[in-house]
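So the structure is just underneath, and the comments pick up after that.
The values are calculated or read from the model by the stated rules, or taken from the named source; none is laboratory data. Note that the structure is predicted; figures quoted are calculated from it, not measured. Neighbour counts run over all protein chains shown; Cβ positions are idealised from the backbone, glycine included.
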Amino acid sequence: MMRHVLAAALMAAQPFPGGGSNSGTAPVSPSVMATELGSVDAAGRGTLQLLILWRGTPGWFMRGGGGSSSGGGGSIAPGSSMIFSHWISQGGVNLTVRFDPAVRKVWIQDREVALDDANVVLVDGVDSPAGPYVARTLRIDPEYQTTIEPIPSAPTGRGPRMRAQPVPVQTFIRRSPELIEFLQCDAPVTGVQPREQQAFNMWCAWVRQP
């Protein structure tokens, strides 16, 4: 089951030359999956545009026969006219998000949320009968540094195409004690294999690193 969860984790990089973006969704604790959207300039200076933590009951994303996630859109740099869309199908739960960086608004399950200067959205109850709801929005330090590297499979003839190296989402979560608490790392999960529990422990250890 864990291989289906990890296979559903998506980290996509939009290529350069003038800049690009990173986006992805992956589990970060027994109860939480995280969706990360960031923009990166040609020098590798990154800005976190949006981080969504999706929380449900422990192990919610492991139920069923697998899962998937996907995203689309254009640049998500501030002032961009493109709207970024992302969907997640995991553990029998379907989640959607749309983000308009120009007006700093996000739509969770088609419900509008005004971000203003916030860049983190905490969503709870994703697998509850009532459905997910936004528990809170907040702001964390959005700046980060990454490296720019050639795309190995890019066609030749027009010079190397470049992409930003993805930054682990734990980099951002550990910047806020509230986000670490939201992960509920100590919540027990029943019916899991030892290797699955080891993965949970590893994810939570990453966010607790200094």
Checking the condition more than 29 Å from Arg163 (Cβ to Cβ), within 15 Å of the chain's Cα centre (by Cα) and modelled with pLDDT of 95 or more, which residue from Leu122, Leu50 passes? Leu122
Kindly indicate the residue of the range 99-154 that is free of Cβ contacts under 8 Å to residues at least 24 places away in the same chain and hydroxyl-bearing (Ser, Thr, Tyr) and also surrounded by the fewest Cβ atoms within 10 Å (Cβ to Cβ) among those meeting that condition. Ser153
Of the listed residues (Arg163, Arg175), the one being buried (at least 16 other Cβ atoms within 10 Å of the Cβ) and modelled with pLDDT under 80 is Arg163
Within the range 175-210, restricting attention to residues that are under 18 Å from the mean Cα position of the chain (by Cα) and acidic (Asp, Glu), which residue is nearest to Ile140 (Cα to Cα)? Glu178
Does any residue of the range 109-126 turn out to be out of contact with any strand residue (DSSP E or B) (no Cβ under 9 Å at 6 or more places or on another chain), assigned to a loop (DSSP other than H, G, I, E, B) and not hydrophobic (A, V, I, L, M, F, W, C)? yes
Tell me, yes or no, whether the range 72-79 has at least one residue that is at pLDDT below 90, assigned to a strand (DSSP E or B) and surrounded by fewer than 20 Cβ atoms within 10 Å (Cβ to Cβ). yes
